[in-house]
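Some notes on the structure that comes next.
FYI, it's all coordinate maths here, none of it is from the lab. Everything numeric here is computed off the predicted structure, so don't read it as measured data. Backbone-built Cβ (ideal geometry, glycine too); neighbour counts: all protein chains shown.
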Amino acid sequence: MPESSDFLSIIIDFDTSHLFFPKIMIGVIILLLLIIGIKELVTRLRNGSLKRDLKGFRFFEKNYNKIKLYGSIISVAVYFFLMDFVGGFFPNQGLGFLFTSIPFIFVMSFLLVGKDNFKKHRISILISSVVTPLFSWILFAKMFYITLP
Amino acid sequence: MELFALITPMTLMLSTLGVIGGIIFGAIPGMTATMALAVFLPLTYALDLYQALALLIGLYVGGISGGLIPAVLLNIPGTPSSITTTFDGYPMTRKGESVRALKIGIVSSLFGGLISAVVLSVFAPALADLAIRFSYVEKFLIILFALTVIASISQGSMLVGLLSGSIGILLSLVGTYESNVGGNDHTRLIPEMLKPLLRNGFSLLPVLIGMFALAAIFSEAERGAEAGEHQKLDLSKSAKFKMSVFKGQIINVFRSGLIGTFVGLLPGVGGSAASVLSYTQAKNFSKKPENLGTGVPEGLIASETANNGLTGGALIPLVSLGIPGDSTTAVLIGAFTLQGVQLGPLFINGNPQAWNSMLSSLIFSNIAMFVLMFFAIKYFAKVVFVPKFILYPIIVVMCTVGAYAINYGIMFDVWTLLIFGLVAWVGCKIKLQIPPLLIGFILGRQLEVYFVKSLESFGTFTIFFTKSKIAWVLWLLILLSIAWSIMINYKHKPAISKNEESCGCEDE
């Protein structure tokens, strides 16, 4: 722990020096949170808008698109998980990447374009979902020997 | 000339490829130069340093320049630094002068880029010579100076900007206090169960890419990823471009180019500040200030010269001090690290070839950007209309490759991508500001080391004021920078907040 003999001098104990700076930063963050909290509270109390602002806070965009939002977050998570899982069967070949990227691009494009418009764009989506992973796999894994899952 | 000795067909090709890639990313609203660099980064694993530099600097220049396309055609700044381009560019399009406006922007971009390359070649070595003599104390102050930028990039509340920056610093401290920088090899801020994964903390690149690319995609998905306004623009019916437009604009060009470069020099201030400042100056000095904003070349020239001037400017602190001037150059640091090259005061003298190749790439990229865009602008303009549902999944895949390869195959880095994508997306919602958070994250570790080492060596807080005259100068700069950003914040709030709807997920 830092010990101070007078106000401005300081001795930092080497064994705990890894905690010295993080503690200061946590202090700064708490201080800033307090200041911001008090400032916001005071302005709102003064305007009398506290209740309205608390009620009016909206986390999501107005009429946000649940399917597209959660769908894309979940599909990215599943993609990462499966990539590692599938890649485990073919170590160091990057095939986990290749095999999972194709369905991932397809699913995510489908999600983003929406069911109604899918038919119109199915050819371009299909092409992009096969060509992109194949092209990057050949380029990175085969030509440049970059490790892929 | 020695400067051009390193130019090979391969580097020229990579530069050109980079410029094309950059223009495409810059032209698509929501995609930025930073993302372009992040996506192309995996390619550089297979290249040598000079080739990697050629590619990345090409991307940087292309990315900044491409932003003018949607700014002029659709009134949407493709990158934040082209905000002011919309002020006069779009009115020109509405007057049927779209191609003329685009070409004025392209020529201005070339001038801006070249002016900044000259300034870079003069200033960076001088600054590096000065920085070699810095001790821990001065280095700490330099980092502190870099952090003052947080004040000026804060959108809305400066206090929240500071809070975001502090959170970024704290996040950067997660992991081991490494002994190779003078630490004691103990870990901190990690829950017991995550120790094996987080021993080395979060890697910079997955954090960067996650916060920019993934977060932007999530918020787009939330908004429904609807197709943008597909205006039927007929570019062939536009008024013709003539070089004579630049007659009487020489002073404007130089003033704007220099403003761009010097704003870029201030670490982290970013492109929007550069072009806003230069646009304001053009207006102040204009003979007919009331015409600016109605579609006159003068404003367009000021904006585009400044935002390309930024490129060379942002590279100055990068090469001479090792501090990124914006999030795009932060990705460049990652690329240098990959190549095993340490940026900082010793870089220019230690790696004269890399330095030369950086300069020649910058000059060549600007020329390539000019040639490509000037003659093929009609084709690049089509990029604005690529559907998001094709683009976004591809970007996720490219980001994954980049994140996975950065430490030669660690799956946790890929998860970091998702974690920080979500952090940035949620962060935006609760009004945290992402660019300050990233600046904090990038500089946090150095801030710690220099701060703790200064105190360990001298045992007193007063050392930060009494160490040397350079320390005083740095304190002065810190104070000036804070004062300046408060002023800018106050004066230009309306112009900058125009960009606020992006909620800071997209970078500067």
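Mean projection of the Cα convex hull over all viewing directions, computed for the protein assembly as shown: 30.4 nm².
What does the net charge come to around B:Asn291 if you take all other residues with beta carbon closer than 11 Å to its beta carbon, with K and R at +1 and D and E at -1? Net of charged neighbours comes to 0. Projected label points at B:Tyr490 and A:Leu33, each 7 Å from Cα along the beta carbon direction, are separated by 3.1 nanometres. Shown here for region A:72-107: chymotrypsin sites (Phe, Trp or Tyr not before Pro) in loop regions (DSSP other than H, G, I, E, B) with at most 13 other Cβ atoms within 10 Å, namely A:Phe89.
Here the Debye sum runs over all C-alpha atoms of region B:138-181 as equal scatterers in vacuum, and log10 of I(q)/I(0) at q = 0.14, 0.18, 0.27, 0.32 Å⁻¹ comes out as -0.42, -0.64, -0.98, -1.07. Dimensions of region A:68-142 along the principal axes, based on C-alpha atoms and rounded to the nearest Å, stand at 40, 24, 15, largest first.
So what is the 222 nm mean residue ellipticity for the protein assembly as shown from helices alone, if each DSSP H run of at least 4 adds -39500 (n - 2.57) and you divide by all residues, rounding to the nearest 500 deg cm²/dmol?
Values: 28 runs with 454 residues, N = 657.
Result for the protein assembly as shown, helices only: -23000 deg cm²/dmol.
So what is log10(I(q)/I(0)) for region B:31-102 at q = 0.13 1/Å, when the Debye sum runs over its Cα atoms only? For the requested q values the scattering log ratios are -0.45. Of all lysines in the structure, those lying under 22 Å Cα to Cα from A:Lys120, and not within fewer than 8 positions of it along the same chain, are A:Lys68, B:Lys232, B:Lys382, B:Lys388.
Over region B:268-371, the ratio between the Cα radius of gyration and 2.2 N^0.38 Å evaluates to 1.32. What do you get for Rg/Rh over region B:2-155 if you use C-alpha atoms and the Kirkwood form of Rh? Radius of gyration relative to Kirkwood radius: 1.04. In the protein assembly as shown, taking the dipole from charged Cβ atoms about the Cα centre, the farthest positive-side position among B:Met487, B:Asn284, B:Ser219 is held by B:Asn284. Note on region B:66-187: Cα-Cα pairs beyond 21 Å make up 66% of the total pair count. Hey, rough spin-label estimate for B:Arg94 and B:Leu477, points 7 angstrom out along Cα→Cβ, what's it come to in nanometres? My value for the distance between the label points is 4.3 nm.
Over all pairs of different C-alpha atoms, region A:14-56 has a mean inverse distance whose reciprocal, the Kirkwood radius, equals 12.5 Å.
Note on region A:66-143: dipole from Cβ charges, positive end direction compared against A:Gly114, A:Leu82, A:Thr100; the farthest Cα belongs to A:Gly114.
In units of the compact-protein estimate 2.2 N^0.38 Å, chain B shows a Cα radius of gyration of 0.93. Cross-link pairs exceeding 29 Å between alpha carbons, from the set A:Lys39/B:Lys195; B:Lys139/B:Lys283; B:Lys242/B:Lys378: A:Lys39/B:Lys195; B:Lys139/B:Lys283. Each Lys or Arg adds one and each Asp or Glu subtracts one; over the other residues with Cβ under 12 Å from the Cβ of B:Val107, this totals +2. Checking every one of the chymotrypsin sites (Phe, Trp or Tyr not before Pro) in region A:3-52 against DSSP loop status and a limit of 14 other Cβ atoms within 10 Å picks out A:Phe7.
Over the Cα atoms of region B:423-464, the radius of gyration divided by the Kirkwood radius equals 1.25; this is the Rg/Rh ratio. In region A:1-115, the alpha-carbon atoms span a convex hull of 207 Å³ per residue. Computed from phi, the 3J(HN,Hα) profile of region B:199-205 under the Karplus parametrisation 6.51, -1.76, 1.60 (θ = phi - 60°) reads 3, 9, x, 8, 6, 4, 5 Hz, with x in place of Gly and Pro. For region A:47-149, trypsin sites (Lys or Arg not before Pro) meeting the loop criterion (DSSP other than H, G, I, E, B) and having at most 13 other Cβ atoms within 10 Å: A:Arg58, A:Lys62. B:Ala471 sits among other residues whose Cβ lies under 13 Å from its own Cβ, and their net charge, with Lys and Arg +1 and Asp and Glu -1, is +3.
Maximal additional length on extending the B:Ile251-B:Thr294 stretch stands at 13.4 nm, based on 0.36 nm per residue less the C-alpha distance.
Taking amide hydrogens as placed 1.01 Å from N in the peptide plane, the amide H of B:Phe461 sits under 5 Å from those of A:Ser9, A:Ile10, each at least 5 positions away in sequence or on another chain.
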